[in-house]
Amino acid sequence: FSVVLIGPLTRKDLLQAQGEFEIDSAIPDLKITRWGFTADPTNPWRCFWFEKWTGTHTGTLKTAQGNYEPTGNYMDGVPAVFSVVWNPEGKVQYRSVGYPVERHEGNTDGKAAVFGVFHTVGLKIPGHPGSRLLRFFQRLGHKMNPKSGRSWSREEDIPTWWTSKSRGADLSKGEK
């Protein structure tokens, strides 16, 4: 599993991280519009699609860092790309979530999916891929609170088929 600033995460680490916040309680009218499902022409096991999230912050978002009381803010998320890769046995091997494709739309400051929700409720995540400050805080969080949600899984838990060396907000090889 990976998101723009998070990953790779194993299923276990993803479920732990998701358990630390309740999006459905914070935005009970969350609407996820999906469209454009297409097979990857270079990987027969992958499907891509787009999503746009909208909803109103009328409930409390509970997180490990504290609670975010209702603001009444309306989230008009940016369109984003999602994908899933299956293995030959038909089991999900990998999911990528919420990569913005048009950061100038909506009102979430270019953030999609869960990061758009965080922005709407007032939880501002600093930085972007490659941000030294965000990379520092991700690593600090792993050291200071190793049992809390992770920005990426432990090296020994990452599957051998995962070849990227970037972790969390790190840039991928070749990015500047």
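In table form, for the structure just shown:
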| quantity | calculated |
| --- | --- |
| Test: residue in segment 76-84 that is surrounded by 14 or more Cβ atoms within 10 Å (Cβ to Cβ), among the small types (G, A, S) and assigned to a loop (DSSP other than H, G, I, E, B) | yes |
| Count - residues of segment 125-164 that are modelled with pLDDT of 80 or more, of a type outside the set (S, T, Y) and surrounded by fewer than 13 Cβ atoms within 10 Å (Cβ to Cβ) | 3 |
| Failed condition for K62, given (1) surrounded by fewer than 16 Cβ atoms within 10 Å (Cβ to Cβ); (2) modelled with pLDDT of 90 or more | (2) |
| Y68 being in contact with a helix residue (DSSP H, G or I) (Cβ under 8 Å, 6 or more places away or on another chain) and at pLDDT 95 or above | no |
| Single match in G116, G106 (criterion: farther than 28 Å from W161 by Cα and touching an Asp or Glu at 6+ places or on another chain (Cβ under 8 Å)) | G106 |
| V114 at pLDDT below 90, in contact with a helix residue (DSSP H, G or I) (Cβ under 9 Å, 6 or more places away or on another chain) and in a helix (DSSP H, G or I) | yes |
| Flag for K111 being of a type in the set (D, E, K, R) and within 14 Å of the chain's Cα centre (by Cα) | yes |
| Single residue of segment 85-98 satisfying the filter (assigned to a strand (DSSP E or B) and in contact (Cβ under 8 Å) with a residue 40 or more places away in the chain) that is farthest from T42 (Cα to Cα) | G98 |
| Hey, T54 closer than 16 Å to K31 by Cβ, touching a residue at least 60 places away in the same chain (Cβ under 8 Å), hydroxyl-bearing (S, T, Y) and not in a loop (DSSP other than H, G, I, E, B) or not | no |
| Identity of the residue in segment 94-112, of a type in the set (S, T, N, Q) and buried (at least 16 other Cβ atoms within 10 Å of the Cβ), that ends up nearest to P8 (Cα to Cα) | S96 |
| Residue count for segment 58-75, restricted to those that are in a loop (DSSP other than H, G, I, E, B) and out of contact with any Phe, Trp or Tyr (no Cβ under 8 Å at 6 or more places or on another chain) | 8 |
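The values are calculated or read from the model by the stated rules, or taken from the named source; none is laboratory data. Keep in mind it's a predicted model, so treat the numbers as computed, not measured. Cβ coordinates were reconstructed from backbone atoms using ideal geometry, including for glycine residues, and neighbour counts include every protein chain displayed.
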